[in-house]
Amino acid sequence: MFYCFDSTTDNPFFNLAAEEYFLRNKEDDFVLFYVNRPSVIIGKHQNVFREVNRSFLKRNPVPVVRRLTGGGTVWHDHGNLNFSFILNGEQGKLVDFGKYIKPVVAFINSLNIPAGIDKRNNILIHEKKISGNAEHVYKRRVLHHGTLLFDTHLKDLKEALLPNPEEISDKAVSSQPSRVTIIKKYLTETMDLPAFRNKLKEYCLEYFAPCRIYTLTKSEEQKIEKLIREKYNTWEWNIAYSPPCVLSRSLLLSGREIPANISLKNGKIREISFAGNVELPEEILMLARFFSGFPYEKEAAERAADPLWKEEKVSVISQGEWIRFLFG
């Protein structure tokens, strides 16, 4: 049987967890629709330290959530409609982006908008991206989902997804910048996002007929909430799952810039090393040892550092300068 689940929450943790719940725990085919509040959604195999513009997040405290699928980092807000297809298929033939994108493109074309698909499986209008797509296979089922930039705040999107300017060495999947636009610009009739969402839902109900509306039971909601607590809203998944990497930094000490590397693994500082034959004060070497094995998280590092300076164990560098060295 084919079902349509139209989420009523804008909670990104819930909606991404719901996708995984339907993929792993149901046997029927599903199409899902949801809109998330402002959030940064990173691909499963991406390095959060590379992909996320930390200065933007400092000014705009939005959640960073890792999704189950690969691909690049995307921006979600109340102007962005997300769709998911969770379908059964034949082993070895499950990965087929064109198959899952086809009904969405056909719907957009039905609105007299000349949308098409590029070789990276993005949906474009006049060579500008309106949708990125990604997939994940589980046994004989595939999760295919994508974004639809209907009336997204493009200034926030571009700023949130600015590449991190610092030098980072890793083997993670990197996002590929694209020129983007919004669907609303190309509509020939006045339409807001709820109306657009409803039209796409009705189109899919007919496209996949017979297709029924699906409502979560209380028990299913509780299972999704459990998945949020244990995975989607955890530091271990969203941050520590990032692949190992090395951050190239300079330590400013007594007017000199000393090249340094901060190695990260499983979201923690594995090692802080300094280049060259510079003889460093024992206090700096002590700080490097002290923070090795420590979670790479600014507030936690600041709390841990407080006693070192309050007890005057460090005098060659200020606490603020050391924290800036670690986190930029």
Could you go through segment 215-233 and let me know if any residue there is over 26 Å from the mean Cα position of the chain (by Cα) and of a type in the set (Gly, Ala, Ser).
yes
Could you list, in sequence order, all residues of segment 151-178 that are in a loop (DSSP other than H, G, I, E, B), surrounded by fewer than 22 Cβ atoms within 10 Å (Cβ to Cβ) and at pLDDT 90 or above?
151, 153
Which residues, taken from segment 99-112, are within 28 Å of the chain's Cα centre (by Cα) and among the aliphatic types (A, V, I, L, M)?
101, 104, 105, 106, 108
Could you list, in sequence order, the residues of segment 303-324 that are hydrophobic (A, V, I, L, M, F, W, C) and either within 21 Å of residue 54 (Cβ to Cβ) or exposed (fewer than 14 other Cβ atoms within 10 Å of the Cβ) (or both)?
304, 305, 322, 323
Go through (1) in a strand (DSSP E or B); (2) without any contact (Cβ under 8 Å) to a residue 60 or more places away in the chain; (3) surrounded by fewer than 17 Cβ atoms within 10 Å (Cβ to Cβ) for residue 195 and report which single condition fails.
(1)
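Would you confirm whether any residue within segment 45-63 is more than 20 Å from residue 156 (Cα to Cα) and touching a strand residue (DSSP E or B) at 6+ places or on another chain (Cβ under 8 Å)?
Yes, some residue in segment 45-63 is more than 20 Å from residue 156 (Cα to Cα) and touching a strand residue (DSSP E or B) at 6+ places or on another chain (Cβ under 8 Å).
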Criterion: in a strand (DSSP E or B), more than 25 Å from residue 44 (Cβ to Cβ) and either modelled with pLDDT under 90 or assigned by TED's automatic domain parsing to the domain that holds residue 7 (or both) - qualifying residue of 116, 146:
116
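Can you tell me which of 43, 92 is in contact (Cβ under 8 Å) with a residue 12 or more places away in the chain and surrounded by fewer than 23 Cβ atoms within 10 Å (Cβ to Cβ)?
One residue alone meets the criteria, 43.
So that you can scan it fast, the table gives a plain yes or no per residue for (1) more than 30 Å from residue 112 (Cα to Cα); (2) surrounded by 16 or more Cβ atoms within 10 Å (Cβ to Cβ):
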{"position": "209", "(1), (2)": "no, no"}
{"position": "221", "(1), (2)": "yes, no"}
{"position": "242", "(1), (2)": "yes, yes"}
{"position": "253", "(1), (2)": "yes, yes"}
{"position": "272", "(1), (2)": "yes, yes"}
Sort through 288, 300 and tell me the only one that's small (Gly, Ala, Ser) and loosely packed, with under 14 Cβ neighbours inside 10 Å.
300
Exactly one condition in (1) assigned to a loop (DSSP other than H, G, I, E, B); (2) at pLDDT 90 or above; (3) of a type in the set (Asp, Glu) is not met by residue 90; state its number.
(2)
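The values are calculated or read from the model by the stated rules, or taken from the named source; none is laboratory data. Note that this is a predicted model, so its numbers are computed, not measured. Please note: Cβ atoms are built from the backbone with ideal geometry, for glycine as well, and neighbour counts cover all protein chains shown.
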